[in-house]
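The values are calculated or read from the model by the stated rules, or taken from the named source; none is laboratory data. Keep in mind it's a predicted model, so treat the numbers as computed, not measured. Here Cβ is always computed from backbone atoms with ideal geometry, including for glycine, and neighbour counts include all displayed protein chains. To get the accessible areas, we keep the full protein, side chains included, count just its heavy atoms, and leave off ligands, DNA and RNA. Shrake-Rupley method; radii C 1.70, N 1.55, O 1.52, S 1.80 Å.
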Amino acid sequence: MNIWNGNTVRNVTASPITGASPTETFDVTHYAEAFKQFMLRNPICQNMGRKFKVCFESNPDVDNAGIRIHDLGFRARLSEDGKRGFQVYVGGGLGASPSLGHLWTDFMPVEEMIPFSASVIRVFDRYGERKVRMKARMKFLVRKLGFEKFREVVDKERASLEDDPSWNNDYLGTISRDHEIPELNGHNFPETPKWVEDDPDFDRWRQKNVSPAGVEGYSIVNVRVLLGDVPSDTARVLADIIDTYADGSIRITIQQNFVIRWVPDQAIPSFYAALKDAGVSAPGADTFEDVTACPGADTCRLGITSAKGLATKLTSMMDNGLGKYKETLGSLRIKISGCPNACAQHVSASIGFQGASITKDGRSVPAEMLFLGGGLYGDDTRLAMPVTKVPTRNAPKVVQRLLEIYEREKENGEHFDLTMKRLGAKYIKEAVSEFNEIPSYEKDPDFYTDWGHEEKEFAVQQGVRGECAGVTVEEKVPVFSDAERRLEQAQALFLHGDYESCINELYLACADSAHVPLYTKLVDPFTPEQTIWEFENLVVRTGDTDEKWFDISCRLKQYRDGEASATKAIEFLEVAKSFHSDCEKIQEQLVAQA
């Protein structure tokens, strides 16, 4: 059996406020959509060694997208003469071995976005790791080659890539240059309940969760979603509210909240009342009190500890022990991941926790690896430094101690992240060392349970493989006899004068022939078209076979397309036989090398 995890371009993301932000360079929504449409079902990215993540940011001074922690990060830019383009970063990623993306250019014209990206993906598909899954992301290829060599290879690929006019005409040709303000229900909003004026939470919610949009009279509302969970009934109510007060669209932030754009200022009090009735009016979205957590061990088969359990505990402390910091530490972020895969992006947090375990007297103790000083700041994005491992039960006390250290040691309004970096891991490790102590099981059995799972003793799952969203599919090992049967069938079809079926069978025979050496290279495409493409990219363009097959995917497509004839069928039959023979030679070479 194989585990299929979507080794392709994953969801393309963008700043949630793009299109409505008053400070953005331009709206990147449609560029992100164009990128997605170009890559969707594109054969160049269907069978890569691992997933590939892309984001777009519209603002010059903030980073809501994480441009340096993606395989490709695009930030909107304008040239001196007003032309649109992007600052581009490549090779970023988090996980157990995080890397910040490298600056490719400060300005790339928008027309170059698609061909450049296609070049990068073709190179990643061709040279990226396939044997060791944990090293199959693009950041590892950049490390292996070195950034300058990687740039050289991509530039060479770009120079050899023939531009297709449809790339820009079809995908970028209709993009608007202005804010697209929706028509909002004739501005007939429900009347504001009288109790809103006396609600002590309304002013704080408006201050923390509402910001001006790019057009006067409108606002952007950030709806805080506690721990990223929304019950289905609440979601339906929220959808109705947004249909009433906005344009019916919701943007999801990387902090696990909802952004509602284009809410008329006059409707804000009534909008708040509706949110409060629905139970989603908590203030402090995207601030210190808004803790981010992945599902962790609660539902994820890779989770070691309950990230949500610890997040729930810390959130409850925001009304007592940590409450005094809510106003002064608004930009500090706490993020918790249940394992090293960093789904909650804890490596880019001011305070990050990563699920782990400690053994005490033969028993497993839930623990957290502490990370400090990270943050998404565009060009100045920082990865958090690993500090020490602490028992999960003491993690809230560690947070309290860290904030006390910051209040005592900060210099001239210094940000928390910079204070932690200046003090260094050694100093902080010593300052929290008392929280490393683990009582015996007999003295405190609760210490051996995870937050939110006090009813059962903690244990680490054994033998877990794969990654999130993996599903099993049956494996069929390709063999040359499949191609040979198709070649025989094609000849029989030719003798019966069925040239169209003959040509189609020859195309499939070529795909079956190519599949065998590809499988040896650990590539198992899903369709004949993908197989032919991957053969050209991974076998021909790497020098493993004769250059006569350099444009094999295009040539075979030309045989299959258009009107069938005896002349075309005879010519294709000879090509298919020759191709099959060369694939057998390539396979012999690959097996010998292995």
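Quick look at the numbers
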{"item": "Failed item, numbered, when Gly543 is tested on (1) surrounded by fewer than 22 Cβ atoms within 10 Å (Cβ to Cβ); (2) assigned to a helix (DSSP H, G or I)", "result": "(2)"}
{"item": "Test for Ile254: is it in a loop (DSSP other than H, G, I, E, B), modelled with pLDDT under 90 and among the β-branched types (Val, Ile, Thr)", "result": "no"}
{"item": "Every pair of residues 6+ apart whose Cβ atoms lie under 8 Å, when the first sits in the stretch 239-262 and is at positive phi while the second is assigned to a helix (DSSP H, G or I) and open to solvent by less than 40 Å² (accessible area, probe 1.4 Å)", "result": "Gly248/Ile242; Gln256/Leu227; Gln256/Gly228"}
{"item": "Residue match in the stretch 268-287 (condition: touching a Gly at 6+ places or on another chain (Cβ under 6 Å), closer than 20 Å to Arg204 by Cα and charged (D, E, K, R))", "result": "no"}
{"item": "Qualifying residue in the stretch 374-383 (condition: part of a strand (DSSP E or B) and in contact (Cβ under 8 Å) with a residue 12 or more places away in the chain)", "result": "yes"}
{"item": "Whichever residue in the stretch 376-404 is small (Gly, Ala, Ser) and at pLDDT 95 or above and, among such residues, is farthest from the chain's Cα centre (by Cα)", "result": "Ala395"}
{"item": "Residue check for Ala32: part of a helix (DSSP H, G or I) and among the small types (Gly, Ala, Ser)", "result": "yes"}
{"item": "In the stretch 161-187, residue modelled with the highest pLDDT [restricted to those that are loosely packed, with under 11 Cβ neighbours inside 10 Å and either among the basic types (Lys, Arg) or closer than 21 Å to Glu536 by Cα (or both)]", "result": "Glu162"}
{"item": "Tally, over the stretch 21-46, of residues that are of a type in the set (A, V, I, L, M) and more than 28 Å from Phe526 (Cα to Cα)", "result": "1"}
{"item": "Unmet criterion (only one of (1) open to solvent by less than 60 Å² (accessible area, probe 1.4 Å); (2) part of a helix (DSSP H, G or I); (3) closer than 22 Å to Phe124 by Cα) for Val523", "result": "(2)"}
{"item": "Selected residue [assigned to a helix (DSSP H, G or I), in contact with an Asp or Glu (Cβ under 8 Å, 6 or more places away or on another chain) and either loosely packed, with under 14 Cβ neighbours inside 10 Å or polar (S, T, N, Q) (or both)] from Arg408, Arg393, Arg422", "result": "Arg422"}
{"item": "Among the candidates Asp199, Asp203, residue that is at pLDDT below 95, open to solvent by less than 50 Å² (accessible area, probe 1.4 Å) and among the acidic types (Asp, Glu)", "result": "Asp199"}
{"item": "Qualifying residue in the stretch 251-264 (condition: in contact with a helix residue (DSSP H, G or I) (Cβ under 8 Å, 6 or more places away or on another chain) and surrounded by fewer than 16 Cβ atoms within 10 Å (Cβ to Cβ))", "result": "no"}
{"item": "Residue satisfying all of: in the stretch 585-594; touching a residue at least 60 places away in the same chain (Cβ under 8 Å) and open to solvent by 60 Å² or more (accessible area, probe 1.4 Å); farthest from Leu518 (Cα to Cα) among these", "result": "Ala594"}
{"item": "Condition broken by Pro517, with the remaining ones in (1) more than 33 Å from the chain's Cα centre (by Cα); (2) open to solvent by less than 10 Å² (accessible area, probe 1.4 Å) satisfied", "result": "(1)"}
{"item": "Conditions (1) open to solvent by less than 10 Å² (accessible area, probe 1.4 Å); (2) at pLDDT below 95; (3) of a type in the set (A, V, I, L, M, F, W, C): number failed by Met134", "result": "(1)"}
{"item": "Where His70 falls short, out of the listed (1) surrounded by fewer than 23 Cβ atoms within 10 Å (Cβ to Cβ); (2) in a loop (DSSP other than H, G, I, E, B)", "result": "(1)"}
{"item": "Output for the stretch 320-341, where each listed residue is part of a loop (DSSP other than H, G, I, E, B), among the small types (Gly, Ala, Ser) and open to solvent by 10 Å² or more (accessible area, probe 1.4 Å)", "result": "Gly321, Gly330, Ser331"}
{"item": "Residues located in the stretch 290-319, provided they are of a type in the set (A, V, I, L, M) and buried (at least 24 other Cβ atoms within 10 Å of the Cβ)", "result": "Val291, Ala293, Ala297, Ile304, Ala307, Leu310, Ala311"}
{"item": "The stretch 35-67: number of residues that are closer than 13 Å to Tyr171 by Cβ, not aromatic (Phe, Trp, Tyr) and not in a loop (DSSP other than H, G, I, E, B)", "result": "3"}
{"item": "Positions within the stretch 561-581 being surrounded by fewer than 20 Cβ atoms within 10 Å (Cβ to Cβ), part of a helix (DSSP H, G or I) and not hydrophobic (A, V, I, L, M, F, W, C), in sequence order", "result": "Thr567, Lys568, Glu571, Glu574, Lys577, Ser578, Ser581"}
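Results for (1) more than 27 Å from Glu148 (Cβ to Cβ); (2) surrounded by 19 or more Cβ atoms within 10 Å (Cβ to Cβ); (3) modelled with pLDDT under 95, shown as yes or no for each residue.
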| position | (1), (2), (3) |
| --- | --- |
| Glu33 | yes, no, yes |
| Val90 | no, yes, no |
| Trp104 | no, yes, no |
| Met113 | no, yes, no |
| Phe116 | no, yes, no |
| Val123 | no, yes, no |
| Glu129 | no, no, yes |
